[in-house]
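The values are calculated or read from the model by the stated rules, or taken from the named source; none is laboratory data. These figures come from a predicted structure and were not determined experimentally. Every residue, glycine among them, receives a Cβ derived from its backbone with ideal geometry; neighbour counts consider all protein chains shown.
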Amino acid sequence: MAYKELTFQVPKEEFDLFTSELFSLGCLGAQVLKEGELVELKAYFPQDFTLPNSLRPYLRGEGELLERDWNEEWKKHYRPVQVSKRIWVVPSWFKGEFKEPEGSVVIYIHPGRGFGTGTHETTKLSMRLIEEFLREGSSLLDVGTGSGILAILAKKLGAGRVAACDIQRGIGEEVERNASLSGVSQIEFTEGSAGDVEGQFDIVVANIEKHLLEPILPQIAQKSKGLVIISGILKEQREEFLNRCRELGLKPLKEEEEGRWMGFVLKK
């Protein structure tokens, strides 16, 4: 099996929005080659992927990456990431080799189709906010769980009931694998969206881009008994996003930013 390898050049001020668009189209992974006023990157897609015309002006080359090389690319460029003073996200192939710092919370992730390897700003924002606001025994729902990284973090921090959902097929197997690698269990997975999960939760978290988040934001608000943690919002989208949250009865409690991205804690 082979993957499509596309090379792009993007103005640095458009980079975050551009990569966000790539992942919304099904990008399997991206690698920055050069930084500067123009950022050069490679992105990987299924072989049958067709690039939209709107992104073709950025395209600089096409190639093919064989599956046997795919894992090697990840291993070259994906290293342990320190998210906060005590949280680490570590690639699965470092398990047994990585020396876990005393008192640390370590999550092992095997990169797959699900978003969330701990390297993206939005994932880091979500994790730090969960660490700050989650209380032992609290229930948490992770909407658009991807790799399961946020649900796994909640379990490792002492959450009670933890549920996760995602509309992408096959993601449940990735969540189960990453949970097992990280030494946790009993994460309830639902293939679907927030409205398909039973019950309400002390915290509902969603690390999803704004255009995908907005249609399900009412469901997310309904599922929360107290707090909602959102990431995946660009700085220039802040006011519009917060206005929509207020319409749903969600009041801003805290906001943080990293790069061009923002994370929010909202109270119901």
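Computed values, structure above
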quantity: Gly146 part of a loop (DSSP other than H, G, I, E, B), in the same structural domain as Glu257 (by TED's automatic domain parsing) and within 28 Å of Gly29 (Cα to Cα); calculated: yes
quantity: Flag for Arg238 being over 23 Å from Gly199 (Cα atoms), in contact with a helix residue (DSSP H, G or I) (Cβ under 8 Å, 6 or more places away or on another chain), of a type outside the set (Val, Ile, Thr) and part of a helix (DSSP H, G or I); calculated: no
quantity: Top-ranked residue in segment 18-50 [being loosely packed, with under 15 Cβ neighbours inside 10 Å and within 20 Å of the chain's Cα centre (by Cα); ranked as nearest to Met262 (Cα to Cα)]; calculated: Ser24
quantity: Subset of segment 136-186 [of a type in the set (S, T, N, Q), touching a strand residue (DSSP E or B) at 6+ places or on another chain (Cβ under 7 Å) and in contact (Cβ under 8 Å) with a residue 40 or more places away in the chain]; calculated: Ser138, Ser139, Thr145, Asn178, Ser182
quantity: Candidate set: segment 54-110, residues that are surrounded by 13 or more Cβ atoms within 10 Å (Cβ to Cβ), in a loop (DSSP other than H, G, I, E, B) and touching a strand residue (DSSP E or B) at 6+ places or on another chain (Cβ under 7 Å); chosen: the one modelled with the lowest pLDDT; calculated: Tyr78
quantity: Residue, farthest from Ala151 (Cα to Cα), within segment 187-240, restricted to residues that are of a type in the set (Lys, Arg) and in contact (Cβ under 8 Å) with a residue 40 or more places away in the chain; calculated: Lys225
quantity: Residue count, segment 160-190 (criterion: surrounded by 15 or more Cβ atoms within 10 Å (Cβ to Cβ) and part of a helix (DSSP H, G or I)); calculated: 8
quantity: Count - residues of segment 1-24 that are in contact (Cβ under 8 Å) with a residue 12 or more places away in the chain and in a helix (DSSP H, G or I); calculated: 11
quantity: Residues of segment 217-237 satisfying the condition of being at pLDDT below 95 and either in contact with a Gly (Cβ under 8 Å, 6 or more places away or on another chain) or over 25 Å from Ser138 (Cβ atoms) (or both); calculated: Ile233, Leu234, Lys235, Glu236, Gln237
quantity: From the options Ser180, Ser193, residue that is within 17 Å of Trp88 (Cα to Cα) and in the same structural domain as Leu212 (by TED's automatic domain parsing); calculated: Ser180
quantity: Residue list for segment 191-226, filter: part of a strand (DSSP E or B) and surrounded by fewer than 17 Cβ atoms within 10 Å (Cβ to Cβ); calculated: Glu191, Lys225, Gly226
